[in-house]
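*Asks:* Attaching a single structure in structure tokens format; questions to follow.
Any read-out appearing in this document is the output of simple, stated calculations on the displayed coordinates, not a laboratory observation. Treat the numbers as computed from the prediction; the structure is a model and nothing was measured. Every residue, glycine among them, receives a Cβ derived from its backbone with ideal geometry; neighbour counts consider all protein chains shown.
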Amino acid sequence: MSILLIRLAGPLQSWGTQSRFTNRDTGREPSKSGVVGLLCAAGGIVRHDRERIGEMARLPMGVRVDREGELQKDFQTAGGGVWPGRSDYGVWPSRRGTIPSERYFLADADFLVALEVAQPMGERLQEALADPVWPLFLGRKGYVPGLPVRVPDGLRAGEIGGVLATYPWLPPRRGPAPSRLRVVLECGPDEGRPRLDVPESFEPDQRSFRLRHIRDEWVPTESLRVDRRDD
């Protein structure tokens, strides 16, 4: 088995796992459904292909939080108008009224995601990330990556925790560097907290998810081989 690394960095990200409709939450790190959805977009996998979605959802996953980002909230409205020639335009459940919503997001966050894959699958995913079939986004369609998602040397030997604890880290250009980085790993039910974000179907009217469990670990930044590239 190999470890596939993915870089998720951008001005805005949102990884909701709990709320829908008028209040949209975000987790403090990428959800498994969000990462699987990104890989599906890269590979051209359609929403109703449960077999291939399930194949990727079963991959063990870990996340290193290279920059936590700032939690912020956006106030939005939808509907409340009429398109020329259309008298029935509106937003469910209120066909004619304006629907307000509060949407949370992370500003200026940076994550390194690790997936345990078989070598052939990892190579296919690397190719798909380099030349995606559909546009990639960070949780919501308007939140595009600020850096390439594909990591050039991102197919590595080892195990998830070890790779995330040793892969080069780029400290912030401004402000103090943290003394440690948070790493989120999957674990057994008795070892961590539950998260309902393992996708079974992305079909709009048949979305379904199952539980997994995660725990936090910490990696001292002084133990990392710091990446000082200027690019």
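*Asks:* In whole Hz and in residue order, list the ³J(HN,Hα) couplings for segment 177-193 that follow from phi through the Karplus curve 6.51 cos²θ - 1.76 cosθ + 1.60, θ = phi - 60°; x for Gly and Pro.
*Replies:* Per residue, the Karplus-derived 3J(HN,Hα) values read 7, x, 7, 7, 10, 7, 10, 10, 10, 6, 8, x, x, 8, 10, x, 9 Hz.
*Asks:* Right, something else. For the residues Ile6, Ile214, what sequence is obtained by ranking on other C-beta atoms within 10 Å, fewest first? Provide the component values of the computation, followed by the final result.
*Replies:* Details: Ile6 26, Ile214 20.
Ordered from fewest to most neighbouring Cβ atoms within 10 Å, Ile6, Ile214 come out as Ile214, Ile6.
*Asks:* Ordered by residue, what ³J(HN,Hα) values in Hz, to whole numbers, does segment 197-209 give under the Karplus form 6.51 cos²θ - 1.76 cosθ + 1.60, where θ = phi - 60° and Gly and Pro are x?
*Replies:* Once rounded to whole Hz, the list reads 8, 8, x, 10, 8, 9, 4, x, 9, 9, 5, 8, 9.
*Asks:* In terms of modelled amide H atoms, which long-range or inter-chain residues lie less than 5 Å from the amide H of Leu155?
*Replies:* Placed amide hydrogens put Leu5 under 5 Å from Leu155.
*Asks:* Give the order of His213, His48 when sorted by the count of other beta carbons within 10 angstrom, beginning with the fewest. Provide the component values of the computation, followed by the final result.
*Replies:* On the way: His213 15, His48 11.
Fewest-to-most Cβ neighbours within 10 Å comes out as His48, His213.
*Asks:* So how do Leu129, Leu211 line up by other beta-carbon neighbours within 10 Å, fewest first? Write down the numbers at each step before the final one.
*Replies:* Working: Leu129 22, Leu211 10.
Ranking Leu129, Leu211 by Cβ neighbours within 10 Å, fewest first, gives Leu211, Leu129.
*Asks:* Return the long-range amide H neighbours of Phe209 (sequence gap of 5 or more, or a different chain), with a cut-off of under 5 Å between placed amide H atoms.
*Replies:* Hits under the 5 Å cutoff: Glu200.
*Asks:* Can you give me the long-range amide H partners of Gly16? Hydrogens built in the peptide plane at 1.01 Å from N, cutoff under 5 Å, separation of 5 or more residues or another chain.
*Replies:* Here Gly27 satisfy the definition.
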